[in-house]
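Nothing in this text is a laboratory measurement; each read-out follows from the coordinates by a stated rule. This one's a predicted model, so the numbers in the text were calculated from it and none came from an experiment. So basically every Cβ, Gly included, is an ideal-geometry build from the backbone, and we count neighbours across all protein chains shown.
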Amino acid sequence: MKKHLTKKDIEKYTSNFHYDYFNNEQDVCQNVLNFTDIKDELETHRFPNHISDEIRRALCFIYNKKKNEGSKFNNEFCSYLYYWIGSKIYLIVKKKNLFSKIISMLYEELYSTDFRNTCTPLYKDIEEDTFNTYKMLHDYSKDYGNIEVDTPHGYTTCDDNYKEFIEKYISVYKETYEDCIGEKIKNYDCGKIFSLFGKRTYRDLTSYTCMKIKPQASVLDAKGENSDHSYSSSGVRVLGRIFGPNAHPDTVNSPPVEAPTASYLNSGSETQHQVERTLPPPMEDIAEGSSSKTIAGSIAPVLGVSSFSLLLYKVILYIIIIHKIIIFM
């Protein structure tokens, strides 16, 4: 089954997987007394309590991870920590000097433990726009492998969220690349940025795409498939079409066809019975027989004997027709 890419796929990608360590961290700071002043310091810059708590827990997570893993500590978490904390800071403050002051304070608190300088802030004196660009490129360098696997060709389908996700990555990468090889107006740290992508070429990193399909279309398709395979309580399904009792395929104006079995729907019990036969009776006889059964059923209390005679007549007529067909064969 072909994969349809959505926001749920993005949530599983490498960058979000690592950021979730900070997002989902519970309060494990009981034994880290040095971090108790962080919340008070952030409140002086009008940080809401929930963001102050999130930042403090993130520092606790990285501290405990380093403490527990020692030399096996994965330094890749350092870049995630910087961009995660930086994005929280720039949610509240909009000036570069305040960003620099707060990010420096947080890392100094981290250094005051035996964590020391295991992780350092990648950039302190950085504008918000530049920070957002660097974060986007950092995340793209972690996620392009996931994107490459999920979009092996241009016919891979996706929703609006996923389409916008990869287009944003590619757009930021293109703008940065053009600035770095051109006039260098933005003064980006070009060498460090592009080292994140290893040997991946510009062509590789700007070629990912998918075919956007609206969710409504998928729902309609699903409904169509369900109705195509369902049976009506007053009709039967033949070759994907639903026929009501007045439009049964056996009553359509067409010559009789040979079939091994025929399905009849008992209108009283709503159950189907399979009747073995080699050739169906003429169409007019089926229609007549069907109406005769209805009439016979309604007048049975009054004309019981007549009904039985009529039924016997039909059976004999059916045998005669079959006999004639066999003779001419």
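One equal scatterer on each Cα of the stretch 4-212, no solvent, Debye formula: the resulting log10 I(q)/I(0) at q = 0.15 Å⁻¹ is -1.03. Residues THR206, THR176, arranged from fewest to most other Cβ atoms within 10 angstrom of their Cβ, appear as THR206, THR176.
Calculate, in nm to one decimal, what LYS192 and ILE316 gain on full extension: separation in residues at 0.36 nm each, minus their alpha carbon distance.
Working: separation 124, 0.36 × 124 = 44.64 nm, distance 9.47 nm.
Computed gain between LYS192 and ILE316 is 35.2 nm.
Each label point was placed 7 Å from the Cα along the Cα-to-Cβ direction; for PHE17 and ASP129 their separation is 3.5 nm. When SER104, SER141 are sorted by how many other C-beta atoms sit within 10 angstrom of their C-beta, beginning with the fewest, the order is SER104, SER141. Take the Cα of ILE185, step 7 Å toward its Cβ, do the same at GLU108, and the gap between the two points is 3.7 nm. In terms of other Cβ atoms within 10 Å, ASP150, ASP179, ASP40 run from fewest to most in the order ASP40, ASP179, ASP150.
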